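Beneath this line is the structure, given in structure tokens, with notes to follow.
Derivation of every value follows stated rules applied to the coordinates shown; laboratory data play no part. Small disclaimer: the values here were computed from a predicted structure and weren't measured. All Cβ positions, even for glycine, are placed from backbone atoms using ideal geometry, and neighbour counts span all protein chains on display.
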Amino acid sequence: LRNCDVAEMLDRTARILAMRGENRYRVRAYKRAARAVASESRDIEMLLKQNRLHTLDGVGAGLSDKIREIIKTGKLSLVERLESGKLPEAGNRVILLASALTLCTELLPELEGLPGISRVTPTGEVRRCRETVERVEVVLAASDLALARESLTQSPSLHNVSFEGNLCRAVHNFGLPLALFLVSEEDFVLTVWLTTGTEEHVREVAAIIKEQTDTDLLHQNGSRRRFSKEADIYMLAGLPYIEPELREARGEVAAAAAGKLPLLVQASDYQGDLHVHTDWSDGTAGMEKMAAAADELGYRYLAVTDHSRSLKIAGGLSLDRLAEQVSMIGRLQHKFRNLTILSGIEADILDDGSMDAPDDVLAGLDVVIASIHSGFRQSGEKLTSRICRAMHNPNVSIVAHATGRLLGKRNAYDVDMDEVIRCAAATGTALEINSSPDRLDINDKIAARAREAGVLVSVNTDAHSTLELANVALGISVARRAGLTRDDVLNTRSKGELLSYLKKKKTGA
Ligand SMILES: [Zn+2]
Ligand SMILES: [Zn+2]
């Protein structure tokens, strides 16, 4: 097993524990161990042989045992016990999109393998990529309905299974509520469509179809209409295909009718991450490791943006250390042919709105991220003016996690985002969509307003380990829900375009 395989398994365990609402210190311990293993440059199997697993950061005797088990057996019996164990307490927890997607990667192949079931796909809120979901919804096509019902009832990973028409409700072993729509193969596509969009979206489109073709998709009796793909349903309404992320009844049907649907940004458009941390501040991976991971993802650039000096709790860099890091980046660059490593910083916005580093230092960096990490309880006016003053600094390229919310833990602070957007437009500053699973900040609605105002959005992960670079998928889904196109997202630019964009604000040219 490679380090990243072991790390992935530890990380998966952490996510499962979190979903089940287990002790958060335990969750955090697994998370920390995952990061440590992912970031370790020594081979994990070698460390085991040398009996040196405990030299990993944050790995004590207990976790050493778990890592040993993973290496020896390729799995973790703890997870298997959890998966076959008793039903966890559901509670009133917020289900993050990331958790729902993690569950889907486990659940979908499992459901697809059940006797009587031929096809499965996520639907509803998960398919629309809402930032939090109430339940995980899946459409199942049955080759044999009776057999499929039977196998769902007997599946060891489903609890409290009950049926109501074609809807099967259950609770998964990970603790998340499920809604499974069990239909014949012929009804699969229509059911996927009916359950993906919000009720309003579905009603709106169905009404157009009824008016134009006299077909009532919502109340079909006798012979039902069959579709081989969702695009055919929209075609029946005389509309182009509407992506799942847009099916929220926020004007997308009218936009589609007017030929004004945005061509949404895609994961494949993404060229590089502009906000990551390394072990120079509170990240766990060295710069080379982070760069190698970005290179492996096919990125063209990666900005190293460790914390600035006043964020002592996160190991913020002194000006000397920062200078040292910049020269180290220069040396590291020789090892990479396709990836450009950009120098940068995540600089605190201080209480008066000035930046936590002198202008001449900031001017020498490629990317300057400005962040609020203090004074969350200040008045909206004060916070807004701090952020706006930071944006007037010509060296500031991007404002990170502008509303400061933590999903399920902390509300957005009282900042006036319309004012921030106006100011971003006026100063040529980009706003970040932070892809951390519990941030997704700014959210889809604000990002849509930014787009309208002509503000560029930068989708970044704020990764503190190589594993977290993958969170970019979450940020992209926020951008898509906001209706952002490739042009609206800074990270789709080529290296040359990016560098000239960054220079433009600085030099005013
Ligand atoms: Zn931050
Ligand atoms: Zn950060």
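Amide H of Ser458: which non-local residues (sequence gap of 5 or more, or other chain) have their own amide H closer than 5 Å, using H built in the peptide plane? Excluding prolines and chain starts, which carry no amide H, the hits are Leu431, Glu432, Ile433, Leu490. Helix 97-112 and the longest principal axis of the Cα set of the chain meet at an angle near 40°. Near Thr340, the amide H atoms lying under 5 Å from its own belong to Tyr301, Leu302; only residues 5 or more places off or on other chains count, and H is placed 1.01 Å from N. Compared with the dominant principal axis of the Cα atoms in the chain, helix 495-507 is inclined by about 50°. Put a plus charge on the Cβ of each Lys and Arg, a minus charge on the Cβ of each Asp and Glu, and nothing anywhere else: the dipole of segment 324-435 about its Cα centre is then about 480 debye. Backbone amide hydrogens, once placed in the peptide plane, bring Phe181 within less than 5 Å of Val138, Val139, Leu140, Cys168, excluding anything fewer than 5 places away on its chain. Here Ser379 and Arg422 are evaluated by their C-beta separation; at R0 = 22 Å the FRET efficiency comes out at 0.75. Candidates Ser458, Val136, Leu365 compared by Cα position along the dipole of the chain: farthest toward the positive end lies Leu365, with charges placed on Cβ. At full extension, Gln266 and Glu288 could sit 5.2 nm farther apart than now, given 0.36 nm per residue minus the alpha carbon distance.
In percent, how large is the relative contact order of segment 326-397, given Cα pairs closer than 8 Å and 6 or more residues apart? Before the final figure, lay out each step's value.
Numbers: 86 pairs, mean separation 22.9, N = 72.
In percent, rounded to a whole number, it is 32.
Computed from point charges on the beta carbon alone (+1 for Lys and Arg, -1 for Asp and Glu), the dipole magnitude for the chain about its Cα centre is near 820 Debye.
Candidates Ile345, Ser118, Ala400 compared by Cα position along the dipole of the chain: farthest toward the positive end lies Ile345, with charges placed on Cβ. Compute the Cα gyration tensor for the chain, then decide on rounded, prolate or oblate, letting a ≥ b ≥ c be the square roots of its eigenvalues: rounded whenever a/c is under 1.5, prolate when a/b is larger than b/c in the other cases, and oblate in all that remain. Here the chain falls in the oblate category.
Multiplying the residue separation of Lys445 and His392 by 0.36 nm and removing their Cα-Cα distance gives an extension gain of 16.7 nm.
Segment 471-509 and segment 28-79 have Cα centres separated by 37 Å. Each stretch of four or more DSSP H residues adds -39500 (n - 2.57); spread over every residue of the chain, this sum gives -12500 deg cm²/dmol at 222 nm.
The length gained on full extension between Asn338 and Asp144, counted as 0.36 nm times the residue separation minus their Cα-Cα distance, comes to 64.7 nm. Helix 287-296 and the long axis of the chain differ in direction by around 40°, with both axes built from C-alpha atoms.
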